[in-house]
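Colleague: Once you've had a glance at the structure underneath, I'll fire off some questions.
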Amino acid sequence: MTVNWNRQNFSGEDPEQHPAVAALRRNPGTPVKEVAIFRGEVSAVISPEHSTEALTLLRDDPALAFDLLVDVTAVHWPEREGAEFDVVYQLYSHGSRMRIKVKVPLADGQEIRSVVPLWATAGWLEREVYDMFGIPFAGHPDQRRIVNPPNFEGHPLRKEFPVQGRVRW
Amino acid sequence: MAKQEIMTLNVGPHHPSTHGVLRLIVELDGERVVSITPDIGYLHRGIEKLSESKKFLQVLPLTDRMDYMSSGTNNLAYILAVEKLLGIEVPPRARFIRTIMAEITRINSHLLGIGSAAGDCGAVSMLLYSLREREGCLDLFDETTGGRMMLTYYRPGGVANDLLPGFENRLKAFLDKFPKKLDEYDTLLKNNRIWLKRQVGIGYISREDALSYGLTGPTARGSGIDRDIRRDEPYEAYDEVEINVPVYTDCDAYSRWRVRMDEMRESVNILRQLIAKIPDGPYINHEAAKYVLPEKPRVKDSMEALIHHFKLVVEGLAPPRGEVYSSIEGPKGEIGFYIVSDGTPHPYRMRVRPSCFVNLQAIQKMGPGNMMADVPAIIGSIDIVLGEIDR
Amino acid sequence: MSTIGKNKPTRVYRKKKPQEANILLTTASAIINHSQRSSLMPLTFGLACCAIEMIATAGPRFDLSRFGWEAYRATPRQADLMIVAGTVTNKMAPVVKKLYDQMAEPKWVIAMGSCAICGGVFQTYSVVPGVNHLIPVDVYVPGCPPRPEALIHGFMTLQMKIDQKRNFSVSPVKVEPGFRGPTRKEPF
């Protein structure tokens, strides 16, 4: 049997054919820096200045209608000077059953606009990214630590933070 | 003269009706809830950070212990993501076995979810009944996987060992008596005036709010969102069975309870179809020798098998560079794993998309307007497990 | 608190001669110990996965009621056994200590599962490596999670430990000169 990795409703090989990528490319206010496809998953890289407009377009366009923000997370690449963090948004559309990943590269300490006005899910998800990575979200209604104690120092998921922590028992 | 003002009440983290260590800061105007703010993190164990220093197969037991009531589905979500990353196939018998385990896990988790929700509202016999039924499911897990709660049974490419002979008969015996027990629970609760008073109209969240708060699973299906990953993006053996997805549009705690009861009946039907169709064959894909441990007799005979075994055990499997996101329909919602790999045997970043974390956030919308005594009923209807919320 | 004495544990016994057949002789200490160990009230303190196995132990198949221990109390003031079932994190540690301090003497602690004994699988920045860093533990029940049979074995070990408790000490306790009793700063 052939394995179908790509369970979503887009089975092309060319990421440019994905409707969301095509719509982002068409819109002049949301330039896409690069597009990638791996095992059927399409991801688009957008710079932080255009990220809010791109996500608003993906949510509001009636043909795309990405109404579910599945996840907001980040990845730390310490060797990439100037773009150490990748904030990754995973989106899903109930109507067309398609998924897309939007990646936004950020420098250490750079802010990114919060998407809480677009999807209320982002409230806690962005708080967790702030707690674990230290990425500030501009416009977030309640930015404070969520899973670590309030007096915790450091941001655990950064690569330089040791697994066993800095406080010994 | 006495002043009237909003009272802040601290509920938890140690409280009889929380499903783990959850702390709620509830603001009350008399008896009416003005706002609920959950304070989580009392069970944060750093699983995502820990998995960056473990090999891919060593992360598997960690995923068991996240949503500890449904460890079969957590494992499945992780293994599906790893297999997608590696790009290996799974033999048909293994896919069926994994689907059977996932559905029994769903029954297990819903039983305890409903049992604890009813126990919080005072129907303690429902809790003890659900514990009794769970023992039947746990026996099936015990004989196949060796563990009652923590399965750790799947491997990339299949499962760790085949089903014992006679498993189908034991499962059929369980499935024959389980629907009658479900009828018993329906008789106990479905038209019970007390249960209706405690659940109907409680914890209302509209469909638009449910979409905006990103709810998934039975919590969303109780608000009219018709989405089930098993039907919409089928994985494992779900494209070979027929699934009816229960959706209720009342948007309150009662409809979420009904969704869970109907899903248990649906799981019984799915399991019957799976047992009828399960094929024979290998239980793991031994062709993918770089990622799957070879069979023990071959290790003692063939040099190549010995080298593969050695490399897999000492170094661990090394996937290609890339990243995947793979999600399944767990009993509490969409649980997914986002794994970034840089070619080494350790995951570079393993992110868990937690179903209960996102669902719990909606309590800030569901809570206000209800009475203080309804707060345990609301938490019970969302069916949270703190292990997954805090990770 | 409780000490394991060097004497043999006192047993309740009955004289066998017919004229004394209806007389039960024992010591006060044995009766106290027997009543305490047969009616412990555990505190509902399940933290993580081990809590589910603890609930299953109280469930229909592995019945905890046959030991007399099914009366779980939610408030620490009325409980005398604290079963720490699950991982204790840094955020939860002050809460564990506060609850232990609120319990009245005599009190016992069972550390259930490897997370409560030594931190378990989770040797990370946010986990306390064992609850005995916070409170004194009487019985350790290993497992991840321990099967209900293993937990019941742990309970029976605790029962044997309670049986050996000396309730009335014969010799006076040695006190350092100048000791004025427990204060808020130094409770022990």
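Colleague: So, in region B:259-309, how many residues would count as being open to solvent by less than 50 Å² (accessible area, probe 1.4 Å), in a helix (DSSP H, G or I) and without any contact (Cβ under 8 Å) to a residue 12 or more places away in the chain?
Modeller: 1
Colleague: Also, I was wondering about something else. Within region A:145-161, can you find the residues that are within 9 Å of chain C (Cβ to nearest Cβ) and either hydrophobic (A, V, I, L, M, F, W, C) or touching a helix residue (DSSP H, G or I) at 6+ places or on another chain (Cβ under 9 Å) (or both)?
Modeller: Of everything in region A:145-161, those that are within 9 Å of chain C (Cβ to nearest Cβ) and either hydrophobic (A, V, I, L, M, F, W, C) or touching a helix residue (DSSP H, G or I) at 6+ places or on another chain (Cβ under 9 Å) (or both) turn out to be A:Val147, A:Asn148, A:Phe152, A:Pro156, A:Phe161.
Colleague: Take B:Asp239 and tell me if it is over 19 Å from the mean Cα position of the chain (by Cα) and of a type in the set (D, E, K, R).
Modeller: yes
Colleague: Based on this model, can you work out whether C:His133 counts as out of contact with any helix residue (DSSP H, G or I) (no Cβ under 6 Å at 6 or more places or on another chain) and within 14 Å of chain A (Cβ to nearest Cβ)?
Modeller: yes
Colleague: Take the residues of region B:233-258 that are among the aliphatic types (A, V, I, L, M) and either touching a Leu at 6+ places or on another chain (Cβ under 7 Å) or open to solvent by less than 10 Å² (accessible area, probe 1.4 Å) (or both): which is nearest to the other protein chains (Cβ to nearest Cβ)?
Modeller: B:Ala237
Colleague: Out of region A:89-121, which residues are without any contact (Cβ under 8 Å) to a residue 24 or more places away in the chain and under 11 Å from the mean Cα position of the chain (by Cα)?
Modeller: A:Gln90
Colleague: On to the next question. Filter region A:1-29 down to the residues that are in a loop (DSSP other than H, G, I, E, B) and in contact with a strand residue (DSSP E or B) (Cβ under 8 Å, 6 or more places away or on another chain), then identify the one that is modelled with the highest pLDDT.
Modeller: Restricting to residues being in a loop (DSSP other than H, G, I, E, B) and in contact with a strand residue (DSSP E or B) (Cβ under 8 Å, 6 or more places away or on another chain), the top hit is A:His18.
Colleague: Before we move on, is B:Leu138 closer than 23 Å to B:Pro282 by Cβ, within 12 Å of chain C (Cβ to nearest Cβ) and either touching a Cys at 6+ places or on another chain (Cβ under 9 Å) or open to solvent by less than 10 Å² (accessible area, probe 1.4 Å) (or both)?
Modeller: no
Colleague: Exactly one of these conditions fails for B:Arg148: (1) in a helix (DSSP H, G or I); (2) within 14 Å of chain C (Cβ to nearest Cβ). Give me its number.
Modeller: The one condition B:Arg148 does not meet is (1).
Colleague: For a quick check of your reading: which helices (runs of 4 or more DSSP H) sit entirely within region C:1-109 and have at least 2 residues that are at pLDDT 85 or above, closer than 28 Å to B:Gly387 by Cα and among the hydroxyl-bearing types (Ser, Thr, Tyr)?
Modeller: none
Colleague: Next question. Among the residues of region B:157-174, are any β-branched (Val, Ile, Thr) and touching a residue at least 12 places away in the same chain (Cβ under 8 Å)?
Modeller: Yes, some residue in region B:157-174 is β-branched (Val, Ile, Thr) and touching a residue at least 12 places away in the same chain (Cβ under 8 Å).
Colleague: Give the residues of region B:305-332 that are away from chain A (no Cβ under 14 Å) and either among the basic types (Lys, Arg) or closer than 25 Å to B:Arg231 by Cα (or both), sorted by residue number.
Modeller: Residues satisfying the conditions are B:Lys311, B:Pro331, B:Lys332.
Condition check ((1) modelled with pLDDT of 90 or more; (2) touching a Cys at 6+ places or on another chain (Cβ under 8 Å); (3) not aromatic (Phe, Trp, Tyr)) across all residues:
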{"site": "B:Gly203", "(1), (2), (3)": "no, no, yes"}
{"site": "B:Leu215", "(1), (2), (3)": "yes, no, yes"}
{"site": "B:Arg231", "(1), (2), (3)": "no, no, yes"}
{"site": "B:Tyr235", "(1), (2), (3)": "no, no, no"}
{"site": "B:Asp252", "(1), (2), (3)": "no, no, yes"}
{"site": "B:Ser255", "(1), (2), (3)": "yes, no, yes"}
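Colleague: In region C:138-166, how many are open to solvent by 20 Å² or more (accessible area, probe 1.4 Å), part of a helix (DSSP H, G or I) and closer than 25 Å to B:Met66 by Cβ?
Modeller: Result for region C:138-166: 1.
Colleague: With respect to the numbered conditions (1) at pLDDT below 90; (2) aliphatic (A, V, I, L, M); (3) open to solvent by 20 Å² or more (accessible area, probe 1.4 Å), which one is the sole condition not fulfilled by A:Met98?
Modeller: Single failed check for A:Met98: (3).
Colleague: Starting from region A:18-30, keep only residues that are under 11 Å from A:Leu57 (Cβ atoms), then list their pairs with residues that are part of a loop (DSSP other than H, G, I, E, B) whose Cβ atoms are within a distance under 8 Å, requiring at least 6 positions of separation or different chains.
Modeller: Going by the 8 Å Cβ cut-off, the qualifying pairs are A:Ala20/A:Leu64; A:Ala20/A:Phe66; A:Ala23/A:Asp61; A:Ala23/A:Ala63; A:Ala23/A:Leu64; A:Leu24/A:Thr30.
Colleague: Sort out for me the helices (runs of 4 or more DSSP H) sitting completely within region B:161-232 that have 2 or more residues that are of a type outside the set (Phe, Trp, Tyr), surrounded by fewer than 16 Cβ atoms within 10 Å (Cβ to Cβ) and in contact with a helix residue (DSSP H, G or I) (Cβ under 7 Å, 6 or more places away or on another chain).
Modeller: Hits in region B:161-232: B:167-189.
Colleague: Hey, does region B:290-305 have a residue that's among the aliphatic types (A, V, I, L, M), modelled with pLDDT under 90 and under 14 Å from B:Leu86 (Cα atoms)?
Modeller: yes
Colleague: Hey, among B:Val26, B:Val59, which residue is touching a Leu at 6+ places or on another chain (Cβ under 7 Å) and either over 30 Å from B:Pro165 (Cβ atoms) or at pLDDT below 90 (or both)?
Modeller: B:Val26
Colleague: Sticking with this one: Return yes when A:Val45 is touching a Phe, Trp or Tyr at 6+ places or on another chain (Cβ under 6 Å), within 14 Å of another protein chain (Cβ to nearest Cβ) and modelled with pLDDT of 90 or more and no when it is not.
Modeller: No; evaluated as a whole, the condition is false for this residue.
Colleague: Could you tell me which of the residues A:Val87, A:Val70, A:Val115, A:Val75 is open to solvent by less than 10 Å² (accessible area, probe 1.4 Å) and in a loop (DSSP other than H, G, I, E, B)?
Modeller: So the residue among A:Val87, A:Val70, A:Val115, A:Val75 that is open to solvent by less than 10 Å² (accessible area, probe 1.4 Å) and in a loop (DSSP other than H, G, I, E, B) is A:Val115.
Colleague: So which residues in region B:203-228 are among the acidic types (Asp, Glu) and without any contact (Cβ under 8 Å) to a residue 24 or more places away in the chain?
Modeller: Listed by number, the residues that qualify are B:Glu208, B:Asp226.
Colleague: Looking only at residues in region A:129-169 that are closer than 22 Å to B:Arg353 by Cβ, in contact (Cβ under 8 Å) with a residue 24 or more places away in the chain and not in a loop (DSSP other than H, G, I, E, B), which one is nearest to the chain's Cα centre (by Cα)?
Modeller: Only one residue tops the list, namely A:Val129.
Colleague: Being in contact (Cβ under 8 Å) with a residue 12 or more places away in the chain and surrounded by 24 or more Cβ atoms within 10 Å (Cβ to Cβ) narrows it down to one residue among B:Pro376, B:Pro347, B:Pro368, B:Pro320; which is it?
Modeller: The match here is B:Pro347.
Colleague: With (1) more than 14 Å from chain A (Cβ to nearest Cβ); (2) of a type outside the set (Val, Ile, Thr); (3) under 27 Å from the mean Cα position of the chain (by Cα) as the list, and B:Lys296 as the residue in question, which single condition is left unmet?
Modeller: Of (1) more than 14 Å from chain A (Cβ to nearest Cβ); (2) of a type outside the set (Val, Ile, Thr); (3) under 27 Å from the mean Cα position of the chain (by Cα), only one is false for B:Lys296: (3).
Colleague: Follow-up question, since we're still on this one. Given the conditions (1) more than 30 Å from B:Val59 (Cα to Cα); (2) open to solvent by 20 Å² or more (accessible area, probe 1.4 Å); (3) assigned to a loop (DSSP other than H, G, I, E, B), report the number of the one that C:Val121 does not fulfil.
Modeller: Only one criterion in (1) more than 30 Å from B:Val59 (Cα to Cα); (2) open to solvent by 20 Å² or more (accessible area, probe 1.4 Å); (3) assigned to a loop (DSSP other than H, G, I, E, B) is unmet by C:Val121, namely (1).
Colleague: May I ask you to say which residue of B:Gly41, B:Gly72, B:Gly87 is small (Gly, Ala, Ser) and over 19 Å from B:Arg353 (Cα atoms)?
Modeller: Residue meeting the stated conditions: B:Gly87.
The values are calculated or read from the model by the stated rules, or taken from the named source; none is laboratory data. Please read these numbers as outputs of a predicted model, since none were measured by experiment. Cβ atoms come from the backbone with ideal geometry, glycine included; neighbour counts cover every protein chain shown. With ligands, DNA and RNA removed, areas are computed over all heavy atoms of the protein, side chains included. Shrake-Rupley method; radii C 1.70, N 1.55, O 1.52, S 1.80 Å.
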